[in-house]
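Written out below as structure tokens is the structure these notes cover.
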Amino acid sequence: MKKNHLFELLRIVNWPRKIIFFSILLSIFAAVINLIIPIITKNVIDDFSIENINWYWIILLVVFFIFNACLSGISFYMLKYLGENAIYSIKKAMWNKILRLRIAYFDKNESGTTISRLTDDVDILNDFIAEKLPNLLSQIVIIVGSVVMLFVLDWKLTLAMLTIIPVTFFIILPIGNLTYKISLKLQDEIAEYSGLLGRVLTEIRLVKSYSAEDGEYYNGEKKLKELLKLRLKEAKIQAIVSPIVTGTMVIILIVIIGYGGLRVSSGDISAGSFVAIIFYLIQSVTPLTSLSSFYTDYKKAMGSTERLYEIYSSPEEDVNENTLDIQHERNTSLSIKELNFSYDNNVEVLKNINFDITKNKTTAIVGPSGSGKSTLFYLIERMYEPTSGNILYGEESIYNFSLQEWRNTIGYVMQDSSMMNGTIKGNLIYGLDKDMAKAELEQYARLANAHEFIVKLPEGYDTMVGERGVKLSGGQRQRIAIGRAFLRNPKLLLLDEATSNLDSESEQLVQDALNNLMRSRTTLVIAHRLSTIKNADQIIFLDNGEITGIGTHEELLCSHRKYTLFVETQELKQNQNFKKAYQ
């Protein structure tokens, strides 16, 4: 039997039982008072005369009206409180889930698509849980109670009225199933459109540089047309449902007024009973209308939760699964043992990788593009798990350590120097669980050769860097990234082509900062710059996922032909860059 994913998501919520019980009790009580008011009205009308006004029934009617208004208001707020808190809990759980998902999820799913799941899909769920669901019980009580009271007042008239309602629901049920299918397609299209928006807006400079506005406009227009078609299908369904519901209510009203009027004139029922019947009908109209659309709303919510549950059921990283302490004071070299890896069990990216990284020494990894250098870093960071083999820190497998503690051991300076949209200070202390004193922050910024340019900015350390750090130059971003690594005080450094694509002056500043950072730290660096490679204690040449050479710069020059060609190419590039700088 297929699981109901809506109920699965509702299990996330820590429901406050006392509030639920009290709010349901109030809601039922308010509904019961609603049902008593027409009976009091009946007695007021039947006992009414100008000469002898019965104030008892009139005062009782006013008291019940006021009491009902107060109870309805309180129960509405409490039920709304429950609904909104349920949505808050689901949103919080989904946000936590997104942050804990394995990196493989983000390889397969666009960020815009995921954002759509967390916004558009949750909005539909919010409409159902916070708006429709809280009123369900009181609406059922009012409808059932009204039907019972109508039978008590005039069972013949009630039977005539009730024969019409089942026909309506038999029409609405298949429409609800159609709504579910359309909702699934609609949410998929919204997610794809959000993915397109995210992709284009993130790379808007690329779009403009290559005059791709027209092409992207066409892509967006196609998605919007699909959305329009699906929304019009939804509108057609509503155009069918609304007249059916309204028509049903009109027919019932005609039956009651026509047939009821005849029964009053024949003396079968009193005028007060007739007014009470109309009251009960009016009271039932709103709940009946809501219930008739409840099924279609439920199916829409089901469509949204299908996609949300896909995310919620995706495997996540076990951040604190293992608790073995990391013994940094020991001779903790990093050892890669018979490591193999492939993405999605396809072509192997790394094949039988074996080498040691000595404590407080620098190992450079070089090789052609696509040889698996960055993938090796991802495995050390435990972004992915190897197909086979192991990585040891000292004598222990890194997979025996808490993932969070292991990553706190590493300072990772990425190739693109990723930055969050915020202040420079916020980016420097990003990921730390404590604030940093100004003097200490400036000290580390100086070590990263960043303090001098930061203080020249209008807002200093409070300067906003823009999305992905666009307000800073490449060299400035890299020095901020180095400063961030300094603040973590890592035992192990991973530097991914950290000096690429910079002018000579920026490269020297970054290289000096890196030298400060690498001092007395175990370092693994991917680099194309000869200065970095020559100074390494050990060089690993990686080619097509395999190690084809290990040694110092001089040793590989003598023994490794591809390394020699690689060095000659880099020297040529370096000479060309030198000439350009001084022309």
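Structure data summary
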| quantity | calculated |
| --- | --- |
| Residue match in segment 312-323 (condition: more than 29 Å from the chain's Cα centre (by Cα) and at pLDDT 80 or above) | no |
| Selection within segment 98-139 - touching a helix residue (DSSP H, G or I) at 6+ places or on another chain (Cβ under 8 Å) and acidic (Asp, Glu) | Asp107, Glu110, Asp120, Asp121, Asp127, Glu131 |
| Boolean, Asp318 is in contact with a helix residue (DSSP H, G or I) (Cβ under 7 Å, 6 or more places away or on another chain), among the acidic types (Asp, Glu) and in a helix (DSSP H, G or I) | no |
| Qualifying position, being touching a helix residue (DSSP H, G or I) at 6+ places or on another chain (Cβ under 8 Å), free of Cβ contacts under 8 Å to residues at least 24 places away in the same chain and surrounded by 15 or more Cβ atoms within 10 Å (Cβ to Cβ), among Leu60, Leu71, Leu9 | Leu60 |
| Members of segment 403-462 found to be on the phi > 0 side of the Ramachandran plot and surrounded by 19 or more Cβ atoms within 10 Å (Cβ to Cβ), listed by number | Ser417, Asn449 |
| Boolean, Ser504 is at pLDDT below 85 and either within 26 Å of Thr362 (Cα to Cα) or not assigned by the TED database to the domain that holds Leu339 (or both) | yes |
| Some residue of segment 208-231 being at pLDDT 75 or above, surrounded by fewer than 14 Cβ atoms within 10 Å (Cβ to Cβ) and under 30 Å from Ile282 (Cα atoms) | no |
| Residues satisfying the stated conditions in segment 524-581, i.e. polar (S, T, N, Q), at pLDDT 85 or above, surrounded by 13 or more Cβ atoms within 10 Å (Cβ to Cβ) and part of a helix (DSSP H, G or I) | Thr564 |
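The values are calculated or read from the model by the stated rules, or taken from the named source; none is laboratory data. These numbers come from a predicted model, not from an experiment. No Cβ is skipped: glycine too gets one built from the backbone with ideal geometry, and neighbour counts run over all protein chains shown.
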